[in-house]
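Everything below concerns the one structure shown next.
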Amino acid sequence: MTDTPVLPPMSLLAELTHRCPLQCPYCSNPLALDGREGELATEDWLRVLDQAAELGVLQVHFSGGEPMARRDLPQLVRHAASLGLYSNLITSGVLLTEATLAQLAGAGLDHVQLSFQDVDTVPAETMGGMPGAQAKKLAAARLIVAEGMPLTTNFVIHRGNVGRIGRMLDLAVDLGARRAEIAHTQYYGWGLVNRAALMPSRAQLEEATRAVDEARTRLAGKLAIDYVTPDYYADQPKPCMGGWGRRFVNVSPTGHVLPCHAAETIKSVPIPDIRTDSLGAIWADAPLFRLFRGTDWMPEPCRGCDQREQDWGGCRCQALALLGDAAATDPVCTRSPDHARISKILADLPETPPPLVYRRYGNAPG
Ligand code: SF4
Ligand code: FES
């Protein structure tokens, strides 16, 4: 094990529920969605927040699924605020009303990240699988801004909507967002199942990058833009989660404590549980958190690479999903002996996208 001291996580991702009125085929939630009956109780989440603050966490992101499907969300936000935690709500907005927003604002919510499937209604609602969603999202954005709450709009990009990035960013400005995320689909969970239908071509990616660059100039001073590319086209992997067990801790709807949203796919060690252990003990000592922390676990070529403390060897869950070995170098890396796997996936992308597999209970393939 590395001698580097274990610093506390900066952020807690509280995945309150997997329930969601939308069915986006790019969702990174696991294929085996947790049902309502197994969800943590309010008292459990209050304890998680206490333990997070004690551990030194600064921010809590309430996420899901759709976190507004939990009636106790205002209570959890209020508790987070009382502990001095900065709170961010990651929502689709379709359940947000003037009354629920007022409750959340009164409870001390600091920020809202609102997701859009597209700028145009028909493709947006086709992707989300929920008729009427776009109007609800637009109304939600206006309510959030009218409340004086800082708003970030999030657009997930795929081959079907990649040509509309400029207009998505104009919409963000019109709505009064201060920040927008243009985030290409990340290929985990349902997104991985739908990869062949969602992955843009290299030419589309280049066009997307040009559109973001152009908008950054055009909208300078009005809108901050975060841009997340699909890492399959990169030469070097992303530093997933800022490094395993370094900055982020996830708690799943049923109380699994994870270094990232996809870590339940790693079966070689037990999955820690907040119902039986404390967040602090899990963060410091659980085998799952120690498994890939630091650099001692790395194989070559990462072990001898000067980038090993920049990208931390990339993404463990991607290595597992694509190579069957979570301890392998992320195949996205051009130095990986398995990089040809990525080139082949990209070369084999079909001209005509296959039908989408929508994210809903009981719809997972296999
Ligand atoms: Fe990152 Fe490993 Fe590739 Fe080096 S060899 S760039 S550490 S993934
Ligand atoms: Fe698990 Fe990247 S998603 S390490």
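What pairs come up if the first residue lies in region 41-62 and is on the phi < 0 side of the Ramachandran plot, the second is among the small types (Gly, Ala, Ser), and their beta carbons are under 6 Å apart, counting only those six or more places apart or on different chains?
Between residues of region 41-62 that are on the phi < 0 side of the Ramachandran plot and residues that are among the small types (Gly, Ala, Ser), the close pairs are 49/80; 51/278; 55/280; 59/11; 60/14; 60/80; 60/87; 62/14.
How many residues does region 170-185 contain that are in contact (Cβ under 8 Å) with a residue 60 or more places away in the chain and touching an Asp or Glu at 6+ places or on another chain (Cβ under 8 Å)?
1
Answer with yes or no whether residue 303 is within 13 Å of ligand 1 (Cβ to nearest atom), part of a loop (DSSP other than H, G, I, E, B) and more than 30 Å from residue 42 (Cβ to Cβ).
yes
Could you tell me which of the residues 235, 231 is at pLDDT below 95 and over 26 Å from residue 170 (Cα atoms)?
235
In this structure, is residue 209 under 30 Å from residue 69 (Cα atoms), among the hydroxyl-bearing types (Ser, Thr, Tyr) and either in contact with a Phe, Trp or Tyr (Cβ under 9 Å, 6 or more places away or on another chain) or more than 16 Å from ligand 2 (Cβ to nearest atom) (or both)?
So residue 209 fails the test.
Output the residues belonging to region 22-71 that are surrounded by fewer than 16 Cβ atoms within 10 Å (Cβ to Cβ) and among the polar types (S, T, N, Q).
42
Does region 164-196 hold any residues that are more than 16 Å from the chain's Cα centre (by Cα) and either of a type in the set (A, V, I, L, M) or buried (at least 24 other Cβ atoms within 10 Å of the Cβ) (or both), and which are they?
Matches in region 164-196: 165, 168, 169, 171, 172, 173, 175, 177, 193, 194, 196.
Taking region 119-152 as the region of interest, how many residues are closer than 21 Å to residue 207 by Cα and not charged (D, E, K, R)?
Residues in region 119-152 being closer than 21 Å to residue 207 by Cα and not charged (D, E, K, R): 3 in total.
With the checklist (1) among the basic types (Lys, Arg); (2) closer than 27 Å to residue 16 by Cα; (3) away from ligand 2 (no atom under 12 Å from the Cβ); (4) assigned to a loop (DSSP other than H, G, I, E, B) in hand, flag the one item residue 335 doesn't pass.
(2)
What are the residue pairs meeting all of these: first residue in region 218-243, first residue surrounded by fewer than 18 Cβ atoms within 10 Å (Cβ to Cβ), second residue aromatic (Phe, Trp, Tyr), Cβ atoms under 9 Å, and 6 or more apart or on different chains?
Note: pairs meeting the criteria are 242/248; 242/312.
Given (1) among the charged types (D, E, K, R); (2) within 15 Å of residue 237 (Cβ to Cβ); (3) in a loop (DSSP other than H, G, I, E, B), where does residue 341 come up short, assuming only one miss?
Tallying (1) among the charged types (D, E, K, R); (2) within 15 Å of residue 237 (Cβ to Cβ); (3) in a loop (DSSP other than H, G, I, E, B), residue 341 fails exactly one: (3).
Give the residues of region 104-129 that are under 30 Å from residue 79 (Cβ atoms) and more than 17 Å from the chain's Cα centre (by Cα), sorted by residue number.
Those that are under 30 Å from residue 79 (Cβ atoms) and more than 17 Å from the chain's Cα centre (by Cα): 104, 105, 106, 107, 108, 109, 110.
The values are calculated or read from the model by the stated rules, or taken from the named source; none is laboratory data. Nothing here was measured: the structure is a model prediction, and the numbers come from that model. Don't worry about glycine lacking a Cβ; one is built from the backbone with ideal geometry, like all the others, and counts go over all protein chains shown.
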